[in-house]
1. What does the highest-first list of 67-73, 114-120, 39-45 look like by mean Cβ count within 10 Å?
2. Would you mind calculating the gained length between Asp77 and Ala126 on full extension (0.36 nm times residue separation, minus the Cα-Cα distance), in nm to one decimal?
3. In deg cm²/dmol and to the nearest 500, what is the mean residue ellipticity at 222 nm of the chain if only DSSP H runs of at least 4 residues count, each as -39500 (n - 2.57), divided by the residue total?
4. Report the per residue volume, in Å³, of the convex hull enclosing the C-alpha atoms of the range 3-133.
5. At 0.36 nm per residue, minus the direct Cα-Cα distance, what do His119 and Ser17 gain on full extension? Give it in nm, one decimal, please.
6. Hey, if you put +1 on the Cβ of every Lys and Arg and -1 on every Asp and Glu Cβ in the chain, which of Phe114, Trp56, Leu87 ends up farthest toward the positive end of that dipole?
7. Taking θ as phi - 60°, what are the ³J(HN,Hα) couplings along the range 51-64 by the Karplus curve (6.51, -1.76, 1.60), each to the nearest whole Hz, with x for Gly and Pro?
8. Search the structure for amide H atoms under 5 Å from the amide H of Arg74, placed 1.01 Å from N in the peptide plane, and list their residues when 5 or more places away or on another chain.
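Values quoted throughout were computed directly from the atomic coordinates according to the rules given, and no laboratory measurement underlies them. Bear in mind that the values here come from a model prediction, so they are computed numbers and not experimental data. Cβ: placed from backbone, ideal geometry, glycine included. Neighbour counts: every protein chain shown.
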Amino acid sequence: MNSLDQRCPCLSGDTYSACCARFHSGAARPPTAEWLMRSRYSAFARGDERYLLNSWHPVTRPERVELNAEISWRRLDIVRTERGGLLDKEGVVEFIAHYRENGIAAQQREVSRFLKTDHQWYYLDAAPDSLIGG
Ligand SMILES: [Zn+2]
């Protein structure tokens, strides 16, 4: 089975090709902060460092993203969103990302901040004091 036909890692219910693939390939831009969040989670799950860097706001973008091969991403729960819509310039998405590291279940909870610049959403950073677990 081609990975394009498999369920998207963000668990939207669609196949990867009908979901985050268009964002990862650059064919489309995530229309909302939540979609950028979902596509970044999928990029983590697929080990797509290039997309993670490209979707990071230039102001806070690191040199590179260290992808831990011991981690397998299992599920993304969107807890809440603030703004981040089609007409907004900034947004907040709180999420819980479930993963297994060396076979042990764990989760990362974060309140992520997003900015839209030149009609494109970018991940800015984690809101201070938002990191729980990990
Ligand atoms: Zn997806």
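1. Packing order, densest peptide first, comes out as 39-45, 114-120, 67-73.
2. Here the segment from Asp77 to Ala126 would lengthen by 16.0 nm.
3. -5000 deg cm²/dmol
4. 109
5. 34.4 nm
6. Projecting each Cα onto the dipole axis, the largest value belongs to Leu87.
7. Coupling constants for the range 51-64: 5, 4, 6, 5, 8, 8, 4, x, 5, 10, 4, x, 5, 7 Hz.
8. Amide H neighbours of Arg74: His98, Tyr99, Arg100.
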